[in-house]
Amino acid sequence: MDPLEAFTAFEGRLLRRLSTRVLPFGWGTAYLDDDVPSRYYANFLRTETDLSSATAKDLIAAADDILGDGRYEHRLVIVRDEAAAERLAPGFAAAGFARAPEVVQLLRRAPDKPPTVAVDVVSFAEARDVILQTYLEDEHLPQSVAVPFTDHRAKYETAVGARFFVAHIDGEQAGLCELYVDGDDAQVENVGTLLRFRNRGVARSVVLAACEAARAAGAIRIFILADDEDWPKQLYERLGFDRLATDVGFLRTPATTP
């Protein structure tokens, strides 16, 4: 099976299990979680069909129709077709949308170096404190969302069987990642390291532990997503992940609305 097609199908299965509402629109599907309307990547539109006849205005209208009921302050449309995203970008920019590209990476090679930090697999309840701290330390998020965003991760455990891989340094929880497995496919997600433990191999160790567990569970394709404009994608490349595709998100928040 084509790896990108496999990831798209796998991602769709996970999103359907995580969303409280799944709504079709003219060029794809909207995935909504009424429990956390302020979380952008839990409430968005994903294009899934040919976009040759679509304009940015069309997609923005669809986003306004679905996300315009007063609960959502943002608009997010994710386009996996990179050529279409390039064509649509000026129209989105004119309407106050920022470009937010994420690279989809597939594990294809052995890592450059082995892990260096001890990692345990724990429940959400045991991982909650370190998850909360990673949100509190995220300079891009208001502290008011740290608790609701943290508690939302419990849903990943119950809805998609997420496993939490926590690294320990000097007896303290230093960072973590999550693993989702469904049949032949797995995804490593939500990788984070507390500030005081950065540059000590935490992210490397939790990601490699999750990959090993995914293989043990029978996964033959292991995916990870990363901001295409930030450094973690380069770490994942050293761990054996190769670029598969780029998802281009077009995001408008109250701060970016003209």
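The values are calculated or read from the model by the stated rules, or taken from the named source; none is laboratory data. None of the values given here were measured: they were computed from a predicted structure. Every residue, glycine among them, receives a Cβ derived from its backbone with ideal geometry; neighbour counts consider all protein chains shown. Accessible surface areas use protein heavy atoms only, side chains included; no ligands, DNA or RNA. Shrake-Rupley method; radii C 1.70, N 1.55, O 1.52, S 1.80 Å.
What pairs come out if I take residues in the stretch 149-162 that are within 14 Å of Tyr180 (Cβ to Cβ) and pair them with residues that are open to solvent by less than 20 Å² (accessible area, probe 1.4 Å) and of a type in the set (Lys, Arg) whose C-beta lies under 9 Å away, six or more apart or interchain?
Within 9 Å, the pairs are Ala162/Arg153.
Every residue in the stretch 49-93 that is in a loop (DSSP other than H, G, I, E, B), in contact (Cβ under 8 Å) with a residue 60 or more places away in the chain and crowded, with 19+ Cβ neighbours inside 10 Å, please. Please lay out each step first, then the result.
Looking only at the stretch 49-93, we keep the residues that are in a loop (DSSP other than H, G, I, E, B), and these are 49-55, 68-74, 80-81.
Now narrow it down to the ones that are in contact (Cβ under 8 Å) with a residue 60 or more places away in the chain: 73-74, 80.
Scanning the stretch 49-93 gives His74, Arg80.
If I go through the stretch 94-113 residue by residue, how many of them are open to solvent by 90 Å² or more (accessible area, probe 1.4 Å) and more than 12 Å from Cys211 (Cβ to Cβ)?
2
Enumerate the pairs (first residue in the stretch 9-30 and under 19 Å from His74 (Cα atoms); second residue anywhere and open to solvent by less than 50 Å² (accessible area, probe 1.4 Å) and of a type in the set (Gly, Ala, Ser)) with beta-carbon separation below 6 Å, excluding pairs fewer than 6 apart on the same chain, so at least 6 apart or on different chains.
From the stretch 9-30, the pairs are Leu23/Ala30; Phe25/Ala62.
Among Gly192, Gly201, Gly175, which is over 26 Å from Ala245 (Cα atoms), in contact with a Leu (Cβ under 9 Å, 6 or more places away or on another chain), of a type outside the set (Lys, Arg) and open to solvent by less than 30 Å² (accessible area, probe 1.4 Å)?
Answer to the selection: Gly175.
Looking for something in a helix (DSSP H, G or I), surrounded by 14 or more Cβ atoms within 10 Å (Cβ to Cβ) and not polar (S, T, N, Q) - is there at least one such residue anywhere in the stretch 18-35?
Within the stretch 18-35 (the criterion being in a helix (DSSP H, G or I), surrounded by 14 or more Cβ atoms within 10 Å (Cβ to Cβ) and not polar (S, T, N, Q)), the answer is yes, since at least one residue qualifies.
Only one residue in Ala214, Ala146 is surrounded by fewer than 20 Cβ atoms within 10 Å (Cβ to Cβ) and either of a type outside the set (Asp, Glu) or closer than 19 Å to Pro114 by Cα (or both). Which one?
It is Ala146.
Is it the case, given these coordinates, that Gly91 is at positive phi and more than 20 Å from the chain's Cα centre (by Cα)?
When the stated conditions are applied, Gly91 does not pass them.
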